[in-house]
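The values are calculated or read from the model by the stated rules, or taken from the named source; none is laboratory data. This structure is a prediction, so every number in the text was calculated from the model and none was measured. Glycine gets a Cβ as well: all are built from the backbone with ideal geometry, and neighbour counts include every protein chain shown.
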Amino acid sequence: MAAVNLPDTTITLAQLIPAGTFQPPTGAAQQNLPEFCRIAGRIQNHPTSRIMFEVWLPTQTANQRLVQVGNGGFAGNIQYGAMATRLREGYATASTDDGTSAAPGVPASERLTFLGDFERLYDFKGRAVTLTAVNAKMLFRTFYGLAPAYSYFTGCSSGGLEGLAVVQRLGEAFDGVSAGSPANNSAGLFTQAIWTFQHYQKISTKLQLVHDAAVAACDTLGDSVSDGVIGDPQRCRFDPRKLLCKAAEGPECLTAEQVEAVRKIYEGPVNPRNDRKTGEQYAPGMPRGSELTWGASQGQALGASQPWYGMVLHNTLTFDLTTFNFDTDVDRALRLTLPYGAQVTNPDLSAFRNHGAKLLLWAGWNDPLWSQQNIVDYYEEVVAHNTKTHGHWRWDARPPASPIDRTRRFARLFMGPGMGHCGGGDGPNVFDTFAPLVQWVEAGTAPDQIIATKFINNQPAQGIAQTRPLCAYPDVARWNGTGDPNSADNFICTRHPQRDHHHDGHGRH
Ligand SMILES: [Ca+2]
């Protein structure tokens, strides 16, 4: 395997690892692994690229399937833990560091300077995973003598972005992709954190007041149950002006400035040159019900937006965020980074769809890092695009009635009310998307719902607080009105009637 010839690739290690415990170069020891062939390599598709990857091929227990696993944050690590999980299940598995490990001689504290090298930024924004996927499939074929029966990709956050990158750019490589909370709209999410943080500082002492009022206004939307979680935040129109102080300012009301700050966060970042009618909105606003998470914008603005915009615009990791210009800075960064794949927002998934592959998208409505209305909006763009290409469906004698149902044949989105970033939060937030994806791909059983669990204090050891179905968008989970509202058994997935009305004009045959 060390002699396999791959484009722009050096195989640095090919080693038989005996069954048992394996200590990877970084992170925890991985136990109970089957015997596998460990291959490590470096891809150098550009002079400064330094994409590291590993492919693990089980020798005795192979199920003839390949799973590539995604990263988080600004990557920089092979995901050994996630690889070990899939290896134990019999999968061959692959992972890359996205090419974002610190270059030799660069201290770890300055690792994110890679963002100023746009070829390496491109590696991070999806190129490393696509190149790794091509290598992994060739190594698989060489080792086993045949191609994978099925190939999967699974990831959340940056891993969700990576999942969308392979779906959009390498549509025939994977049969199933699970992509959670995708960081696919770089301009939007990095701008949103600065925007939210600036307005959050005016309202930080009154988040509980605003949250309680928003939940009181909208708690039963969608789920029909008063449980402190808004079941369908898209339908909530709570207006913070209801909290405007009628006399002196006090803890139970908002000043006009605070009302405006809340409204700005709900609206999301817009170009100040334009009113919203021009459509130059960089990201959708934070959803109603997410108020208690807004403090996380500080860490996101300082830890992510600052190095991103700092390196892209000023070649520095730090700059004064209060000087950020929501007009010219965003436009300039977009102009500079668009040619390097920074916006993984192409709604044309026809290659992936025509390959027969399945996409399972998922996110939490109370994600503190950026608004997950982002993935809903992207999904709607995929639906709209899928409508335009309806000619592909003529072979089918009985197409579904609506464009969204046609899209649901190959791409489904599951939104978690009250859920945080890739998990956590007030709502049910523990669930597996991989097994339903495999069922969909291999047995043709499309998931209408995925059962999520909420543990007491989010601690599994403390027991189950509730279970609830997450429904394939645009359906939402609604209580049947009689049974225990903490049991998924008493919920059905149902669609708001306005939904299909809204789309009546599209896709008729
Ligand atoms: Ca509720």
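Hey, does segment 20-27 have a residue that's surrounded by 17 or more Cβ atoms within 10 Å (Cβ to Cβ), farther than 21 Å from V166 by Cα and touching a helix residue (DSSP H, G or I) at 6+ places or on another chain (Cβ under 8 Å)? Taking every residue of segment 20-27 in turn, at least one turns out to be surrounded by 17 or more Cβ atoms within 10 Å (Cβ to Cβ), farther than 21 Å from V166 by Cα and touching a helix residue (DSSP H, G or I) at 6+ places or on another chain (Cβ under 8 Å). Here is the figure for segment 1-47: residues that are in contact (Cβ under 8 Å) with a residue 40 or more places away in the chain and hydroxyl-bearing (S, T, Y) total 2. Scan segment 143-170 residue by residue and report those that are touching an Asp or Glu at 6+ places or on another chain (Cβ under 9 Å) and either in a helix (DSSP H, G or I) or of a type in the set (G, A, S) (or both). Within segment 143-170, A149, S151, G155, S158, E162, Q168 qualify.
None of V229, V225 is part of a loop (DSSP other than H, G, I, E, B), within 16 Å of the ligand (Cβ to nearest atom) and closer than 15 Å to Q208 by Cα except V229. If you take the residues of segment 207-251 that are charged (D, E, K, R) and more than 29 Å from the chain's Cα centre (by Cα), which of them is surrounded by the most Cβ atoms within 10 Å (Cβ to Cβ)? Ranking the qualifying residues of segment 207-251, first place goes to K242. Considering the conditions (1) closer than 30 Å to C493 by Cβ; (2) touching a Lys or Arg at 6+ places or on another chain (Cβ under 8 Å); (3) of a type outside the set (S, T, Y), V225 is excluded by exactly one of them, (2). Among the conditions (1) over 25 Å from A301 (Cβ atoms); (2) part of a helix (DSSP H, G or I); (3) without any contact (Cβ under 8 Å) to a residue 60 or more places away in the chain, L139 misses just one, which is (3). Of all residues in segment 198-222, those being within 11 Å of the ligand (Cβ to nearest atom) and either polar (S, T, N, Q) or not in a helix (DSSP H, G or I) (or both) number 4.
Only one of the listed residues (A75, A62) is in contact with a Phe, Trp or Tyr (Cβ under 9 Å, 6 or more places away or on another chain), on the phi > 0 side of the Ramachandran plot, of a type in the set (A, V, I, L, M, F, W, C) and assigned to a loop (DSSP other than H, G, I, E, B). That residue is A75.
Residues considered: R478, R468. Of these, the only one that is touching a helix residue (DSSP H, G or I) at 6+ places or on another chain (Cβ under 6 Å), within 16 Å of the ligand (Cβ to nearest atom) and of a type in the set (K, R) is R468. Is it fair to say G180 is within 27 Å of Q298 (Cα to Cα) and either within 16 Å of the ligand (Cβ to nearest atom) or surrounded by fewer than 23 Cβ atoms within 10 Å (Cβ to Cβ) (or both)? No. The helices (runs of 4 or more DSSP H) found wholly in segment 240-333 and carrying at least 2 residues that are modelled with pLDDT of 95 or more and over 18 Å from P368 (Cα atoms) occupy 256-267, 306-309.
Within segment 337-348, is there a residue that is on the phi > 0 side of the Ramachandran plot and within 24 Å of the chain's Cα centre (by Cα)? Looking through segment 337-348, at least one residue is on the phi > 0 side of the Ramachandran plot and within 24 Å of the chain's Cα centre (by Cα). Applying the criterion of being polar (S, T, N, Q) and surrounded by fewer than 17 Cβ atoms within 10 Å (Cβ to Cβ) to the residues of segment 435-454, the residue that is farthest from V177 (Cα to Cα) is T453. When F455 is tested against (1) closer than 19 Å to M286 by Cα; (2) away from the ligand (no atom under 16 Å from the Cβ), only condition (1) is not met. Across segment 232-268, the qualifying residues are those that are in contact with a Pro (Cβ under 7 Å, 6 or more places away or on another chain) and more than 16 Å from the ligand (Cβ to nearest atom), and the one among them that is nearest to G416 (Cα to Cα) is G268.
Once segment 101-139 is narrowed to residues that are closer than 19 Å to G155 by Cβ and among the hydrophobic types (A, V, I, L, M, F, W, C), the residue that is surrounded by the fewest Cβ atoms within 10 Å (Cβ to Cβ) is V134. Any chance segment 337-350 includes a residue that's touching a residue at least 24 places away in the same chain (Cβ under 8 Å), assigned to a helix (DSSP H, G or I), β-branched (V, I, T) and surrounded by 16 or more Cβ atoms within 10 Å (Cβ to Cβ)? For segment 337-350, residues touching a residue at least 24 places away in the same chain (Cβ under 8 Å), assigned to a helix (DSSP H, G or I), β-branched (V, I, T) and surrounded by 16 or more Cβ atoms within 10 Å (Cβ to Cβ): present. Per this entry, R141 is not counted among residues that are in contact with a helix residue (DSSP H, G or I) (Cβ under 9 Å, 6 or more places away or on another chain) and under 23 Å from V441 (Cα atoms).
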